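**Student:** Sharing a structure, written as structure tokens. Questions coming.
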Amino acid sequence: MSRKNYNTDSKSIVIAVHHFPPNFKGGAEWRAHRTAKWLQEQGHSVQVICVESVSDSTTSNLRWVDDTFDGLSVRRLYLNLNNAPNRARREYDNPWITEHLTGFLPQLKPDIFHLISGYLMTAGAIKAAKSLGIPVVATLTDFWFLCPRHTLRRTSGDICTANTALDCARCKFEEKRRYRLPAQKAPQLANLLWRGLRAAPPVSETTAEMTRRADVLKTTLASVDVA
């Protein structure tokens, strides 16, 4: 059965997503692909932008490659976050992304900028589109805007109900085995330990970064036109 064509006015649409096939084949990646293909079939002009790598040693910051996948134009970004002066900040608000899109989007003259997920594209993608007056649609496929782990689950597997900056800092530390094992083997003791550690410089600095992350992403997400 043929698909019904809903097009009444051809648009130029940019779809930005953290990854895209064929090298990445997760749910959000295929959702972006299906959305892009459907829009293309309706007669719209579609450009996909994705991040192909965050540890590309051939660039000092960002490079790109243009190709096609399944008939779709795709710009793949290669980042070198290992060379970033403030990697923690660039993981949620990347000025390299902002700068690149601020230069690239005017060439496309899109009617709509559609961000799927937000991970890796970061708040910088939304900031670029909004600075150019392009309407932004955001499709949230996980909890990345609230949780650096995307899941709102702690390293213990428990659901994170408080979702405070200290909770996020603790999870960042517990990604390392020496912090994770006590939380899993002796959770009550670990909770007491973390109450005492909150003022220690490494923890307080990470907590402050998580506070900045929450503030930036909350403000940026509030600026989109449709979510």
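One line per residue, one yes/no per condition, for (1) under 21 Å from residue 218 (Cα atoms); (2) at pLDDT 95 or above; (3) not in a loop (DSSP other than H, G, I, E, B):
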{"site": "126", "(1), (2), (3)": "yes, yes, yes"}
{"site": "129", "(1), (2), (3)": "yes, yes, yes"}
{"site": "134", "(1), (2), (3)": "yes, yes, no"}
{"site": "147", "(1), (2), (3)": "yes, yes, no"}
{"site": "170", "(1), (2), (3)": "yes, no, yes"}
{"site": "180", "(1), (2), (3)": "no, no, yes"}
{"site": "183", "(1), (2), (3)": "no, no, yes"}
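**Student:** Which of the residues belonging to the stretch 203-220 are surrounded by 14 or more Cβ atoms within 10 Å (Cβ to Cβ) and acidic (Asp, Glu)?
**Tutor:** 209
**Student:** Got a sec? Which of 139, 206 is under 23 Å from residue 94 (Cβ atoms), in contact with a strand residue (DSSP E or B) (Cβ under 7 Å, 6 or more places away or on another chain) and among the hydroxyl-bearing types (Ser, Thr, Tyr)?
**Tutor:** Every option except 139 fails the conditions.
**Student:** Please work out which one of (1) charged (D, E, K, R); (2) surrounded by fewer than 19 Cβ atoms within 10 Å (Cβ to Cβ); (3) within 26 Å of residue 87 (Cα to Cα); (4) modelled with pLDDT of 95 or more is the condition residue 111 fails and give its number.
**Tutor:** So residue 111 meets the others, but not (3).
**Student:** Among the residues of the stretch 15-57, count how many are more than 16 Å from the chain's Cα centre (by Cα), surrounded by 20 or more Cβ atoms within 10 Å (Cβ to Cβ) and under 20 Å from residue 100 (Cβ atoms).
**Tutor:** 3
**Student:** Count, please, the residues in the stretch 60-77 that happen to be hydroxyl-bearing (Ser, Thr, Tyr) and in contact with a helix residue (DSSP H, G or I) (Cβ under 8 Å, 6 or more places away or on another chain).
**Tutor:** Residues that pass the stated criteria total 1.
**Student:** Still on this structure, I have one more. When only residues in the stretch 64-104 that are of a type in the set (Ser, Thr, Tyr) and either outside the structural domain of residue 130 (by TED's automatic domain parsing) or assigned to a helix (DSSP H, G or I) (or both) count, which is farthest from residue 165 (Cα to Cα)?
**Tutor:** Restricting to residues being of a type in the set (Ser, Thr, Tyr) and either outside the structural domain of residue 130 (by TED's automatic domain parsing) or assigned to a helix (DSSP H, G or I) (or both), the top hit is 102.
**Student:** Would you pick out the residues in the stretch 105-124 that are within 24 Å of residue 227 (Cα to Cα) and either in a helix (DSSP H, G or I) or touching a Lys or Arg at 6+ places or on another chain (Cβ under 6 Å) (or both)?
**Tutor:** 105, 106, 108, 111, 122, 123, 124
The values are calculated or read from the model by the stated rules, or taken from the named source; none is laboratory data. Note that the structure is a prediction, hence the values are computed from the model and not measured. Because the Cβ atoms are built from the backbone with ideal geometry, glycine has one as well, and the counts that use them run over all protein chains shown.
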